[in-house]
Structures are given as C-alpha cells and as structure tokens.
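Report on one structure; see the data block that follows.
The values are calculated or read from the model by the stated rules, or taken from the named source; none is laboratory data. Note that the structure is a prediction, hence the values are computed from the model and not measured. Cβ: placed from backbone, ideal geometry, glycine included. Neighbour counts: every protein chain shown.
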Amino acid sequence: DVKVTQSSRYLVKRTGEKVFLECVQDMDHENMFWYRQDPGLGLRLIYFSYDVKMKEKGDIPEGYSVSREKKERFSLILESASTNQTSMYLCASSLGGDRAPEAFFGQGTRLTVV
Amino acid sequence: SQQGEEDPQALSIQEGENATMNCSYKTSINNLQWYRQNSGRGLVHLILIRSNEREKHSGRLRVTLDTSKKSSSLLITASRAADTASYFCATLNTNAGKSTFGDGTTLTVKP
C-alpha cells in the first residue's frame with residue numbers, strides 16, 4: 001500500500017516563526033501536492049510538484065514556499081507564520097500523467113498559529 | 001464559484017437508505033474522482049471515472065458522469081453508520097494536470 005507520511009499530526013507555532021511541514025511518500029510517485037483545508041472552503045491547493053526540484057503554484061501560494069530536493073520528500077514552508085495560516089494541511093502524492101491519477105493522502109497536520 | 005462543487009452540502013439519512021451526492025464542474029477534465037474523509041483524517045480515494053465513461057460501479061458505490069452537463073453523482077446504496085464522513089469530488093483538469101477539490105458533502109447515516 002502507498003504510504004504518505006506527514007511528520008506531525010499537531011503543531012502549535014508562534015506568529016512570525018518559520019515553520020516546516022514535511023511529507024514523505026514511499027511509492028516513487030512523481031507528483032506531490034500540498035493542500036490546506038478550512039471549514040466551508042474545502043481543499044485548496046497551495047503548491048504542487050511534478051518532479052524533483054520542480055514546483056508549481058497552486059491556487060493559494062501566498063505566504064508559502066516549497067522544497068523538493070528528493071523525489072520522496074516534499075516540504076511546505078511558512079516563511080513567517082501568521083494566524084490566518086491556522087489550518088489543516090494535507091499532503092498527497094500520485095503517479096505522473098494519467099496513468100493512475102488518484103491521489104493518496106497523508107493523515108494531515110493541524111497547525112495552530114498563536 | 002469553485003471547480004468541483006458538491007451538492008448538497010449536508011445530507012442526513014437513516015441506515016439502509018441510499019445516499020446521492022452531486023458534483024458540478026466548469027472546465028474540461030480528464031477524469032473525475034470521489035474521495036471520502038473521516039473527521040480529522042486525510043482523504044481516501046474511492047472511485048475514478050474517466051471522461052469517456054458514463055457510469056462506474058465499485059461495491060455499494062455507483063458513479064455517473066455527464067460531460068455535457070459537467071456533472072457527476074455518487075450513489076451509496078444500503079448506507080451504513082460507518083459511511084458517515086465527508087465526500088469530495090475532484091476534477092483532473094485537462095490542461096493544468098492538477099486536481100481541484102470541491103467543498104464536500106457531509107453525510108450522516110443514523111443507525
């Protein structure tokens with residue numbers, strides 16, 4: 001089974017801190033994604049990556065950056081955390097192209113910025 | 001409004017009844033997927049229907065796709081209390097290569 005692992009289930013950070021959310025997948029998937037999920041807003045795509053060192057902005061990239069130095073790892077970085085970034089963050093991975101485009105999700109990281 | 005909008009937003013039924021959720025989208029798609037999310041957890045892929053398919057079954061799930069109306073429906077037959085969850089549709093955009101999720105339908109199945 002595909003496994004997508006997010007490094008933390010719960011995080012509490014202070015405003016202005018630099019925050020790293022880590023995601024690792026073990027199935028050699030080309031594509032990796034970061035979403036945030038907020039009540040009434042569904043899932044919104046922050047960034048995604050097609051390959052190592054490749055990244056594309058999603059729908060709400062402001063305030064975030066990403067890093068993909070290795071194929072299995074995709075990191076989401078909050079350069080200076082703000083309270084409006086309090087949310088559930090979900091990482092996902094999938095095979096590239098249209099071979100098997102369904103995404104496999106991690107368990108989520110609930111981030112609270114105080 | 002968002003690509004991949006589910007309707008209704010919330011649905012409450014009795015165990016044994018069927019549950020139908022709908023999804024509308026706006027752009028051309030390669031495929032449409034349905035996911036389920038239990039409270040506080042990640043999403044789990046349920047079923048995928050490609051743009052050239054009209055209906056697909058998987059166990060108690062039945063998905064239809066009408067590309068002319070840009071809509072899809074998910075039917076869960078003989079629902080169980082364990083089906084209580086949020087259900088999302090996601091569209092893989094033909095050009096963008098990324099999936100877009102809707103807000104989801106929250107299904108409650110009462111025992």
In the stretch A:76-93, what residues are of a type in the set (A, V, I, L, M), surrounded by 19 or more Cβ atoms within 10 Å (Cβ to Cβ) and within 14 Å of another protein chain (Cβ to nearest Cβ)?
A:L90, A:A92
Give the stretch A:36-54 a look and list any residue that's part of a strand (DSSP E or B), of a type in the set (A, V, I, L, M) and over 9 Å from the mean Cα position of the chain (by Cα), or say none.
A:L43
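Residues checked against (1) crowded, with 17+ Cβ neighbours inside 10 Å; (2) at pLDDT below 90; (3) of a type in the set (S, T, Y):
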{"residue": "B:N18", "(1), (2), (3)": "no, no, no"}
{"residue": "B:K70", "(1), (2), (3)": "yes, no, no"}
{"residue": "B:S86", "(1), (2), (3)": "yes, no, yes"}
{"residue": "B:T105", "(1), (2), (3)": "yes, no, yes"}
Condition broken by A:K3, with the remaining ones in (1) surrounded by 15 or more Cβ atoms within 10 Å (Cβ to Cβ); (2) touching an Asp or Glu at 6+ places or on another chain (Cβ under 6 Å) satisfied:
(1)
Residue list for the stretch A:45-56, filter: facing another protein chain (nearest Cβ under 8 Å) and surrounded by fewer than 17 Cβ atoms within 10 Å (Cβ to Cβ)
A:Y50, A:E56
Only residues that are away from chain B (no Cβ under 11 Å), part of a strand (DSSP E or B) and not hydrophobic (A, V, I, L, M, F, W, C): list them for the stretch A:11-35, please.
A:K13, A:E22, A:Q25
Taking the condition exposed (fewer than 14 other Cβ atoms within 10 Å of the Cβ), modelled with pLDDT of 95 or more and within 25 Å of B:S39 (Cα to Cα), does A:V12 pass?
yes
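From the list A:S7, A:S65, A:S94, A:S49, which one is of a type in the set (S, T, Y) and at pLDDT 95 or above?
Numbers: A:S7 fails: at pLDDT 95 or above; A:S94 fails: at pLDDT 95 or above; A:S49 fails: at pLDDT 95 or above.
From the options A:S7, A:S65, A:S94, A:S49, the qualifying one is A:S65.
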Cβ pairs under 6 Å, 6+ apart, first in the stretch B:26-39 and more than 11 Å from every other protein chain (Cβ to nearest Cβ), second surrounded by fewer than 20 Cβ atoms within 10 Å (Cβ to Cβ) and in a strand (DSSP E or B)
B:T27/B:N93
